[in-house]
Structure formats: C-alpha cells, structure tokens
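Step one of this worksheet: look at the structure below.
The values are calculated or read from the model by the stated rules, or taken from the named source; none is laboratory data. This one's a predicted model, so the numbers in the text were calculated from it and none came from an experiment. As a convention, Cβ positions derive from the backbone with ideal geometry for all residues, glycine included, and neighbour counts pool all protein chains shown.
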Amino acid sequence: MTARVKRRRLRVVVPFMVLIALVSTTLIVHATQQPDPADSDFLSPVSSAGIGSGVLAGRLGERGVTVDRQTGLTAALTELWRGGDPATLFVTTPDLADLDQLSRPGAVPPLTRVVMVAPSEESLVTSAWPLHVLGTRWTTGVAAPGCADPVASTAGPAAVNWRRYTPDTGASCYGDALLTVVAGGVAVTVVGSPDPFRNDRIAEHGNAALAVGLLAQTSRVVWLDLHQREVTPEPSPSPSSTRPEPESSSSAPDARPRPTGGAPQQTPGDPAAPPPAAQPDEPNPLTEAFPAAFWATLLLVALALLALAAAAARRLGTPVAEPLLSRVPANETMLGHARLYQRSRARGASLDLLRGAARRRLAAHLGLPVGTTLARIAEQSGLEEDDVREVLAGVHPDNDSELIEAALAVQQLERDITSPDEGVQQP
C-alpha cells in the first residue's frame with residue numbers, strides 16, 4: 001500500500017474515530033456522574049455523603065417530623081399500620097422495591113401519602129397505579145412550578161425536571177416532573193429527579209423547600225432505605241398442585257372463572273385451533289437505552305459531517321473539458337498545471353500524463369494505431385517488453401526524487417526509440 005493511499009484512508013478514518021472517542025467519553029463521564037441506587041449512601045437519611053439525605057432528615061427533625069428508617073418494604077408497611085395517625089411513605093429507590101405489593105388494594109392504610117423518587121417505566125408497569133413515564137431528559141433541568149399546588153408554589157423553581165410523567169392532571173407541576181394521583185384513598189406523588197433530596201443539591205434553587213414540603217405534610221415519615229432488589233418468594237409447587245382440580249374448586253379464592261358460553265375452547269394441541277393473536281411489537285432495547293436527546297445529537301453530528309464532506313469535495317461527477325477563457329501561452333499553462341499537481345502532491349497523476357503522452361508519440365513514430373499495447377511497442381522497437389513496461393507502466397512514485405527519476409526514464413526511452421540510428425543496421 002502506497003503512502004498516498006494510506007493518507008487518503010487516514011483522512012476518512014480520523015474524523016470518525018475522533019467523533020466516536022468524543023461520544024464514548026461523553027457517555028462514560030455521564031454514566032459515572034449518575035448516582036447508583038444500589039449505593040448504600042444513595043438518599044439514605046443516615047448518610048452525610050453528597051448523594052445521601054442526612055441534611056433532609058435533619059431539616060425534617062427540626063420541623064417536628066419523626067423519621068422512621070426501614071430497610072425493607074414489608075417492615076415499612078408494618079410500621080405504617082402500627083401508627084394511628086396518617087404517615088408518609090418515602091420510597092427513595094422505587095426501581096428496587098416491589099411496587100406490585102405496595103400498590104395492591106389495602107396494602108397501606110388510608111390517607112397515607114406515598115412519595116417516590118424518579119421511578120422508571122419498568123417499575124411503574126408492575127404497579128396498579130395509573131402512572132407512566134412520558135419522557136426522560138439527558139440531565140436534570142430547573143423548571144418553574146407552573147401549577148397551583150401550595151408546596152410547589154412555595155418552593156418555586158426546583159431541579160426536578162429529569163423524568164416526566166403522565167397523565168397530565170391538575171396535580172401536575174414542573175412540566176409533568178411532579179405528579180400526584182389518588183388511588184384507593186392513597187395519594188401517590190412521583191418526583192422526576194433525586195436532586196432535591198441530595199445533600200450536595202438540596203441548597204440549590206428551591207430544592208430544600210420542595211423536599212421538606214413534600215415530606216412534612218404528615219407528622220411521621222417512614223423512610224424506605226432500600227439498596228438491593230427485593231425478590232418476593234414464590235410458593236414451591238406441592239405434589240397435589242399437579243392434579244386436576246374438580247369442578248367445585250371454582251369457589252376457591254384464587255380460582256379463575258371458566259368460559260361458559262360462546263365458541264368451544266381450543267386446546268394448544270388442537271390442529272383446528274386458530275393461530276395465536278399477533279403480539280404488539282416490543283420496543284427496541286437499543287433505542288430505549290439512550291434518551292431522545294442522544295439520538296438527536298447523533299443525527300445533527302451526522303448531518304454536519306455530511307455538510308462538511310460536501311463542502312470539502314473537490315468535484316461532483318466526472319471532469320468536464322472546458323475551453324480557456326483567453327489565450328494563454330503554452331509554457332504558462334504547463335507551469336500552472338504543474339504547480340497544481342505539485343500542490344496536491346499528485347505524483348502518480350503527473351507521471352501518468354507523461355507516460356500517456358510518450359506512448360502516443362511512440363505509437364505514431366512506429367506507425368502503430370492509437371491505443372496500441374506496450375507489447376506491440378516493444379516488438380516494433382526491438383526492445384525487451386519488461387523494460388518498456390517498467391518505464392511506461394511501473395509503480396507510482398512516493399516522493400519527488402522517485403518522480404524525477406521515473407520521468408527521466410520515460411524521456412530516455414523515447415529518445416532511444418525515436419533517435420535516427422535506432423535499431424537500423426547500416427550496410
């Protein structure tokens with residue numbers, strides 16, 4: 001591979017390598033800056049780390065609010081039922097908690113307030129609450145309340161706009177980043193970002209007033225300090241569970257109603273059974289792994305590269321021969337072309353021009369047709385074909401000295417063939 005080809009490949013590869021390096025570095029730095037919910041310090045009321053919530057727990061104590069820390073959902077629900085007054089259940093890591101158990105009817109006492117910090121769509125779909133993620137930003141943004149909620153209005157702008165939720169009801173604030181729904185007599189509030197509750201962010205904007213206002217509406221807060229995923233044990237199958245149930249078992253609490261009318265029920269092995277209904281297409285996990293802002297940025301970068309490539313392109317399409325606008329001496333034209341070839345380091349193209357002109361002159365001198373082969377030129381001139389081919393069709397030079405040497409060889413070959421005494425035996 002010649003140095004010219006290597007340089008051309010580097011010009012194509014280097015910009016994309018730089019782009020990939022920048023994108024990879026951005027993703028790595030962004031991932032390292034995101035707090036890990038599995039970290040024992042994350043939003044813990046007993047942690048003084050930057051991602052902890054010791055400052056918030058202290059401010060709740062100053063307001064006369066009792067903070068009861070629990071490390072398991074079952075223990076937290078037991079503590080909620082133990083007290084007589086309404087309490088607030090603060091779920092700092094809803095993606096690790098069993099929201100299916102928490103959202104069941106009668107799981108928490110009536111008038112209980114549940115505050116969850118940035119639950120994902122994967123965890124919300126396991127619950128019975130009518131909540132869904134509307135979108136996720138690249139980073140947390142500061143937003144104004146934009147609602148009549150007294151807690152949000154008192155706090156003012158706060159850094160909660162990371163995840164947004166739906167449905168958009170009258171209890172939606174901060175651009176759908178703070179949403180409250182009532183289900184089964186329980187008020188469920190989702191907060192779009194953990195920033196207002198963190199020690200290193202609570203003093204920014206109205207974060208402190210918002211965090212304290214959300215949790216101080218009751219005199220007691222049950223703080224679920226959970227940092228590992230809870231797994232609900234499934235009952236092991238008993239030998240009797242594999243036996244067919246009698247018809248009278250339909251009165252059991254866990255029995256499901258059987259179809260009594262309509263078309264006969266088909267078994268999976270029945271060849272007459274209709275094909276199963278097509279399942280809706282599941283979202284691509286690759287597209288769900290990155291926020292929409294990442295794909296928009298990637299598209300803009302790709303468009304910028306295409307625009308740069310179009311602007312840097314020397315020509316589009318094949319070259320077109322055009323007449324000169326004015327008469328120019330041949331010597332000046334030759335020197336101008338030579339300087340252009342020299343500036344672009346087109347040594348191979350320059351040598352090809354010299355070789356092509358020499359082949360045309362040699363063919364005309366030897367009485368051969370235009371475009372004749374090198375073998376015919378060598379045969380007619382009485383020279384070795386390999387010698388002629390090496391001079392008129394050899395490798396391209398890599399530097400100026402090789403170009404000059406190859407040009408002199410072409411000139412010398414033309415002189416040897418066209419000289420008056422070439423190959424002619426005198427009597």
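Inside the stretch 369-378, can you point out the residues that are under 30 Å from Gly336 (Cα atoms) and within 58 Å of the chain's Cα centre (by Cα)?
The one that is under 30 Å from Gly336 (Cα atoms) and within 58 Å of the chain's Cα centre (by Cα): Gly371.
Could you check the stretch 72-92 and list, in sequence order, the residues that are part of a loop (DSSP other than H, G, I, E, B) and either on the phi > 0 side of the Ramachandran plot or among the β-branched types (Val, Ile, Thr) (or both)?
Taking the stretch 72-92 as the starting set, the residues that turn out to be part of a loop (DSSP other than H, G, I, E, B) are 72, 83-87, 92.
The one that is part of a loop (DSSP other than H, G, I, E, B) and either on the phi > 0 side of the Ramachandran plot or among the β-branched types (Val, Ile, Thr) (or both): Thr92.
In the stretch 343-368, what residues are within 44 Å of the chain's Cα centre (by Cα) and surrounded by 11 or more Cβ atoms within 10 Å (Cβ to Cβ)?
Ser344, Arg345, Ala346, Arg347, Gly348, Ala349
Can you tell which of Ala118, Ala128, Ala107 is in the same structural domain as Ser172 (by TED's automatic domain parsing) and either out of contact with any helix residue (DSSP H, G or I) (no Cβ under 9 Å at 6 or more places or on another chain) or closer than 23 Å to Leu210 by Cα (or both)? I'd like the intermediate steps shown before the answer.
On the way: Ala128 fails: either out of contact with any helix residue (DSSP H, G or I) (no Cβ under 9 Å at 6 or more places or on another chain) or closer than 23 Å to Leu210 by Cα (or both); Ala107 fails: either out of contact with any helix residue (DSSP H, G or I) (no Cβ under 9 Å at 6 or more places or on another chain) or closer than 23 Å to Leu210 by Cα (or both).
Matching residue, one of Ala118, Ala128, Ala107: Ala118.
Every residue in the stretch 23-71 that is in a helix (DSSP H, G or I) and among the hydrophobic types (A, V, I, L, M, F, W, C), please.
Hits for the stretch 23-71 are Val23, Leu27, Ile28, Val29, Ala31, Val55, Leu56, Ala57, Leu60.
Take the conditions farther than 15 Å from His227 by Cβ and not aromatic (Phe, Trp, Tyr) and apply them to Pro110. Does it pass?
Numbers: farther than 15 Å from His227 by Cβ: yes; not aromatic (Phe, Trp, Tyr): yes.
In short, yes.
Answer yes or no: is there a residue in the stretch 53-62 that is out of contact with any strand residue (DSSP E or B) (no Cβ under 6 Å at 6 or more places or on another chain), hydroxyl-bearing (Ser, Thr, Tyr) and surrounded by 13 or more Cβ atoms within 10 Å (Cβ to Cβ). Quick ask: steps written out before the conclusion?
First, pick out the residues of the stretch 53-62 that are out of contact with any strand residue (DSSP E or B) (no Cβ under 6 Å at 6 or more places or on another chain): 53-56, 58-59, 61-62.
Those still in the list that are hydroxyl-bearing (Ser, Thr, Tyr) too: 53.
Retained after the next criterion (residues that are surrounded by 13 or more Cβ atoms within 10 Å (Cβ to Cβ)): 53.
Yes: one or more hits.
Could you identify the single residue in Arg137, Arg220, Arg164 that is among the basic types (Lys, Arg) and without any contact (Cβ under 8 Å) to a residue 40 or more places away in the chain? So that I can check it myself, show each step before the final result.
Numbers: Arg137 fails: without any contact (Cβ under 8 Å) to a residue 40 or more places away in the chain; Arg220 fails: without any contact (Cβ under 8 Å) to a residue 40 or more places away in the chain.
Answer to the check: Arg164.
Return the residues of the stretch 79-96 that are at pLDDT 90 or above and more than 21 Å from Ala57 (Cα to Cα); say none if nothing qualifies.
Asp95, Leu96
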